[in-house]
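Participant: Below is one structure. I have some questions about it.
The values are calculated or read from the model by the stated rules, or taken from the named source; none is laboratory data. On a predicted model such as this, the values are computed, not experimentally measured, just so you know. Positions of Cβ are backbone-derived with ideal geometry, glycine not excepted, and every protein chain shown enters the neighbour counts.
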Amino acid sequence: MQNESADFQVMTGFVSVNFKESEDLNTVCSRMAGYNAERFEAVALRFYSGDETIITIFAKDKLKEGATAHLPVHKFKVPCSLSDFFREIKQLNFTISNSKYDMWDMEVVNK
């Protein structure tokens, strides 16, 4: 049975992250997942925290670049604690909203 409560919503939004000085996405991801940064290039990072905390890294294999309509990636799942993940981050900023309104339509009127 699905939860029909009006209080249950999936919030969507946007996140921006700055890593520590001289660190980029591929450097951080290769260290966390243990892959060779010369061979793989991180293209996306998924952060999940619930019953457990998992970082999923999607990385392009530079040796297997082909002519396809899609971007083939390897998936690396890394169990990670919240504190370990946040040690990699210099700054984190995120905004979430409910699904009733488009965030891009907002205008702050009390500046």
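Matching residues to (1) touching a residue at least 40 places away in the same chain (Cβ under 8 Å); (2) among the polar types (S, T, N, Q):
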| residue | (1), (2) |
| --- | --- |
| Val43 | no, no |
| Phe47 | no, no |
| Thr53 | no, yes |
| Pro72 | no, no |
| Phe76 | yes, no |
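Participant: State which residue pairs qualify: first residue without any contact (Cβ under 8 Å) to a residue 40 or more places away in the chain and inside region 17-36, second residue outside any strand (DSSP E or B) and surrounded by fewer than 18 Cβ atoms within 10 Å (Cβ to Cβ) in any location, beta carbons under 8 Å apart, and separation of 6 or more residues or different chains.
Facilitator: Sorted first by the residue in region 17-36, then by its partner, the pairs are Asn26/Ala37; Thr27/Ala37; Ser30/Asn36; Ser30/Ala37.
Participant: Cβ-Cβ below 6 Å, separation at least six or inter-chain, first residue in region 93-111 and over 14 Å from Phe14 (Cβ atoms), second outside any strand (DSSP E or B) and of a type in the set (S, T, N, Q): which pairs?
Facilitator: Every condition considered, the pairs that remain are Asn98/Gln9.
Participant: Restricting attention to region 33-89, and to residues there that are surrounded by 14 or more Cβ atoms within 10 Å (Cβ to Cβ) and of a type in the set (S, T, N, Q), which single residue is farthest from Glu23 (Cα to Cα)?
Facilitator: The residue in question is Thr53.
Participant: Could I ask something else about it? What strands (runs of 3 or more DSSP E), lying completely within region 44-100, carry at least 2 residues that are hydrophobic (A, V, I, L, M, F, W, C), at pLDDT 85 or above and within 18 Å of Ser30 (Cα to Cα)?
Facilitator: 53-61, 74-79
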